[in-house]
């Protein structure tokens, strides 16, 4: 299994868990059983077009990946680059305008915004929407609110996929990304921990348990002024690790951690489910979705961790074939894997330029034979490796 397969696995696992848990988000456990039977939801609840819909959490995760690649391209070609999280402002705000008005440009900020499904209104975080409506983002130094909700977690997945050499940098970038909309330290430190977990699994090929242990050791060093919050988060994660090997039933184990509406609980539930089903993404996501809480986020976290561990090729077809925007997710994952192939004074790369400079790739591809040939080549390569 190569890094490309693990990055694809993480991004598809994230989106698949989100789509699986979305129909039961906030339903009581009794209501889940009434609707789906004693085992709960075990497969996608498809829309009228036979598609498994993603939510706003995956939409913003994909925009984070697009934003990182935009920033890296700017740095490679111009030699200057602001802190990466500062580029997210424009991507998130354009997404917000597409949620609330038809006047926003689909092509100016992020090539993936050309796809209407990316801006469909799908259970966006109320906290994030309030921040976006104010057009004033927060930071770790100047929190915009006191929210510790779980709606900030998934958008930090691409941070863990894109960086590997500096754990402190990964923690800081993911925390700053979360702090744009969620002001409580528990929200952004949990987001940092999630991104670092993903990085350890993808780039170092660690087991989930090994990645958890290594991440916990890094937290104290990176957030020395937040020792109380780090202790609280570490205690919650260690409880998840202990419960994973206990005799507790799945639901009892989740109940011991909470409902997942706050960031540390959601992360802990995702870790719990991933540890119990490390080589079985269907089991991990199903376990994480069937509870009366933030089911899509907890299932997406579990899907991300197990997907990163087992790789894309080990994910059952039923969680891939019907997933909304699956081709876009895979293409973006492959771009994260290669990163910017261009440099100042180097040869041009029209496909990359139209994605990460002009942001009009979806339109350019439809009218340019060169782009169609490149797409066909990639699809052929993907079929050979799947």
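Couple of notes before you dig in:
- Matching entry among 81, 93 (being without any contact (Cβ under 8 Å) to a residue 60 or more places away in the chain and outside any helix (DSSP H, G or I)): 81
Residue by residue, here is whether (1) touching a residue at least 60 places away in the same chain (Cβ under 8 Å); (2) under 25 Å from residue 251 (Cα atoms); (3) in contact with a strand residue (DSSP E or B) (Cβ under 6 Å, 6 or more places away or on another chain) holds:
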{"site": "301", "(1), (2), (3)": "yes, yes, no"}
{"site": "320", "(1), (2), (3)": "yes, no, no"}
{"site": "323", "(1), (2), (3)": "yes, no, yes"}
{"site": "336", "(1), (2), (3)": "yes, no, no"}
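- Scan of segment 255-292 for residues that are assigned to a helix (DSSP H, G or I), without any contact (Cβ under 8 Å) to a residue 60 or more places away in the chain and over 22 Å from residue 310 (Cβ atoms), ordered by number: 255, 256, 257
- Residue count, segment 329-351 (criterion: surrounded by 18 or more Cβ atoms within 10 Å (Cβ to Cβ) and assigned to a helix (DSSP H, G or I)): 8
- Number of the condition not met by residue 184 [criteria: (1) crowded, with 24+ Cβ neighbours inside 10 Å; (2) over 26 Å from residue 333 (Cβ atoms); (3) in contact with a strand residue (DSSP E or B) (Cβ under 9 Å, 6 or more places away or on another chain)]: (1)
- Test: residue in segment 150-163 that is in contact with a strand residue (DSSP E or B) (Cβ under 8 Å, 6 or more places away or on another chain), touching a residue at least 40 places away in the same chain (Cβ under 8 Å), under 30 Å from residue 205 (Cα atoms) and buried (at least 23 other Cβ atoms within 10 Å of the Cβ): yes
- Residue match in segment 56-75 (condition: closer than 14 Å to residue 289 by Cβ and not in a helix (DSSP H, G or I)): no
Results for (1) over 25 Å from residue 198 (Cα atoms); (2) assigned to a helix (DSSP H, G or I); (3) at pLDDT 90 or above, shown as yes or no for each residue.
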{"position": "97", "(1), (2), (3)": "yes, yes, no"}
{"position": "102", "(1), (2), (3)": "yes, no, no"}
{"position": "109", "(1), (2), (3)": "yes, no, no"}
{"position": "112", "(1), (2), (3)": "no, yes, yes"}
{"position": "118", "(1), (2), (3)": "no, yes, yes"}
{"position": "131", "(1), (2), (3)": "yes, yes, yes"}
{"position": "138", "(1), (2), (3)": "no, no, yes"}
{"position": "144", "(1), (2), (3)": "yes, no, yes"}
{"position": "158", "(1), (2), (3)": "no, yes, yes"}
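- Some residue of segment 45-62 being in contact with a helix residue (DSSP H, G or I) (Cβ under 7 Å, 6 or more places away or on another chain), surrounded by fewer than 18 Cβ atoms within 10 Å (Cβ to Cβ) and under 22 Å from residue 328 (Cα atoms): yes
The values are calculated or read from the model by the stated rules, or taken from the named source; none is laboratory data. Everything numeric in this text was worked out from a predicted model, so none of it was measured. FYI the Cβ positions are ideal-geometry reconstructions off the backbone, even for glycines, and counts take in every protein chain you see.
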